[in-house]
Amino acid sequence: MMAGKVFLFLLCLNVVSFAVIASSPQTCPADDVSSKCGASDEWEGEFFPGIPKIKYEGPSSKNPLSYKWYNADEEILGKKMKDWMRFSVAFWHTFRGTGGDPFGAPTKFWPWEDGTDSLAMAKRRMRANFEFIEKLGVDLWCFHDRDIAPDGKTLEEANANLDEVVALAKELQGKKIHPLWGTAQLFHHPRYMHGGATSSEVAVYAYAAAQVKKAMEVTHYLGGENYVFWGGREGYQTLLNTDMGRELDHLARFLEAAAAYKKKIGFNGTLLIEPKPQEPTKHQYDWDAATTANFLRKYGLIGEFKLNIECNHATLSGHSCHHELETARLNGLLGNIDANTGDPQIGWDTDQFLTDIAEATMVMLSVVRNGGLAPGGFNFDAKLRRESTDVEDLFISHISGMDTLARGLRNVAKLIEDGSLENLVRKRYQSFDTEIGAQIEAGKADFEMLEKKAMEWGEPKVPSAKQELAEMIFQSAL
C-alpha cells in the first residue's frame, strides 16, 4: 500500500514538472548556436514596454524617467545643448554588460536574451539597441565589432557575421541615427594576449590589421564620424622579455597603415586614440594624453589622429579628467570624451556614470574652450553597477549622466556670464601683459636681456594666487 502511494506521488510530480517545463520560456546554453537554438531574431512587442520616450520636464520634476537639466533644443552659449553634447550610447556596456566581475557570475539577464551568442541573438540585440536610442532621444551610438556580431572560426566567417548584423543596423538607423564611432576589439581573444599592433607574432599583427580594416569599413558604411583605437593589450607586463623600441615602432607603422587606408576608402572620419595607463597590461604605451601626444609627434602622426579622453582612465593615470582634457585641448588633440568616472576608493577601471556636478562643470569648461567636440561627442562608456538589474536602470543611468553634463554646461554659462573667474586668471598673469612680457612670449627675450631686467627690478614681489577665491567662485556656480 505504501509503495503504491509513493509511485502515485512520483507520477503526479513528474506530470507537474512536465507541465511547468512546457509552459516556461525556453533558454539556450551560451555555446549552442544551432538552428534550433536562438534561430530567430524576432521579438513580440517592445523591448522596453512601459518606458516612454524620455522628455525634458525641468529641475522640479520627480519623474526618474525624465530629463531635469538636459533640454536638447535649448540654446546655451550660442549652441543647442544637443550640439554641445552629442550624446552616444555604448553598445558594449548597455547591451553586452552582464554584471559579472572577477569575483562573481553575471547578474543581468535581460528579457530579450536567449543565452546564446548566435547571429540571430545579435540581430535581436541590435533591434533593442535602436529602440533604446530612440526612446532616450539621442542620435548616436558606438560599437566594437565583436560586441555587435559573433566571432567566427575563420576571419572570413567573422566578417560575414559582421556584414549581416551591420546590414540590419543600417536599415534600423534610418537617416537620423549613425555611429559616433566604431572600433575593433583587439583585446578579448587569446590571440591578442601579447597585443595586436605590438604583438611579438607577425601573424597576430596581420590579423589585427585585417580586423581593423573591416571594422573601419563598416564604420564608414554606417556613416560613423570617428574611428577609435583603444590598446588595452598594447603594452607590456615586464621589460625583461620586451623590446619596447621595436614594439613602439610596430605600433606606429600600424597606425600609419590605418591612416592610409582611411584615405583610400574615402572615410572622412577622425581617427582617435584612447589613452589608458594600465589594465589589463601592467603598462600601456598610450599612458596618458601627454605620452600619446609625444608618440604622435615622434612618428609624424600628429595631423592624422586626435584623442578620445576617458575620465576614468585619467584618474588611473594619476590625473584629473580636467587635466587630461586640457592637455589634449592645448595640443589641438581633443576629439572625443568617454563620459564616465571611477570610484576614488577603488584602484581599477569601474566605468561608472558621471554624476559629480563639480567634475562635470570642469569637463564642460574644457569643452566650451574647445568650441565643442564635433565631429566627436560624449560617449557613455559606462555600465550599470552589478547590483542594478532592472531594465529601467539602463534608462535611469543614462538620464542621470546626461543631466549631470547638461548641468555642468549650465554652470559654465554662469561662470562665463559672471566673469569673475576669468578676471582672476587674467589678473594673475597681468605682469606678462607688458612690453617685456610680450617679448618673452614672442621668443624675443634672451638671457642677457632678462638678466638686465632682473638687476633693474631687484627682488620680485610675488602676489597671492587666490586659489581659495577661485574655488569659491567656482563653487558658487554649482
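Each residue of the range 379-394 was assigned a 3J(HN,Hα) from its phi angle through the Karplus expression (A = 6.51, B = -1.76, C = 1.60, θ = phi - 60°), giving 9, 7, 7, 9, 10, 4, 5, 3, 8, 8, 10, 8, 4, 5, 4, 4 Hz with x at Gly and Pro. Sequentially through the range 415-431, phi angles give Karplus couplings (6.51, -1.76, 1.60; θ = phi - 60°) of 4, 5, 5, 5, x, 5, 5, 4, 5, 4, 5, 4, 5, 4, 10, 5, 5 Hz, Gly and Pro residues having no value and appearing as x.
Of the solvent-accessible surface of the chain, computed with a 1.4 Å probe and all protein chains present, 56% belongs to carbon and sulfur.
Separation of the alpha carbons by more than 31 angstrom is noted, of LYS79/LYS383; LYS68/LYS282; LYS53/LYS276; LYS55/LYS383; LYS414/LYS461; LYS79/LYS427, for LYS68/LYS282; LYS53/LYS276; LYS414/LYS461.
Looking at the range 258-318, the accessible area is 38 square angstrom per residue; that uses a 1.4 Å probe and ignores ligands, DNA and RNA. Of all lysines in the structure, those lying under 18 Å Cα to Cα from LYS153, and not within fewer than 8 positions of it along the same chain, are LYS214. Which stretch or stretches of the range 339-374 have amide N atoms under 16 Å from the point lying 7 Å from GLU471's Cα along the Cα→Cβ direction? Only 358-359, 362 pass the distance filter. Give me the distance in nm between label points sitting 7 Å out from Cα along the Cα-to-Cβ direction at ILE346 and LEU77, one decimal. Reported label-point gap for ILE346 and LEU77 is 3.0 nm.
Whole-Hz Karplus values for the range 240-251 come out as 4, 10, 10, 9, 4, x, 5, 5, 5, 4, 4, 4 Hz, taken residue by residue from phi with 6.51 cos²θ - 1.76 cosθ + 1.60 and θ = phi - 60°; glycine and proline positions read x. One way to sum up the overall shape of the chain is the equivalent ellipsoid from its Cα gyration tensor, whose semi-axes run 47, 29, 21 Å, largest first.
If the segment from ILE416 to LYS453 were pulled out straight at 0.36 nm per residue, it would be longer than the present Cα-Cα gap by 9.7 nm.
Accessible surface ranking for GLU164, GLU304, 1.4 angstrom probe, highest first: GLU164, GLU304. Between helix 447-457 and the chain there is an angle of about 70 degrees, using the helix long axis and the longest principal axis of the Cα atoms. Net length available on complete extension from GLU42 to LEU240 is 66.0 nm, with 0.36 nm assigned per residue and the Cα-Cα distance removed.
The values are calculated or read from the model by the stated rules, or taken from the named source; none is laboratory data. Here the structure is a predicted model, which means the values were calculated and not measured. FYI the Cβ positions are ideal-geometry reconstructions off the backbone, even for glycines, and counts take in every protein chain you see. What goes into the accessible areas is simple: the full protein's heavy atoms, side chains included, and nothing from ligands, DNA or RNA. Shrake-Rupley method; radii C 1.70, N 1.55, O 1.52, S 1.80 Å.
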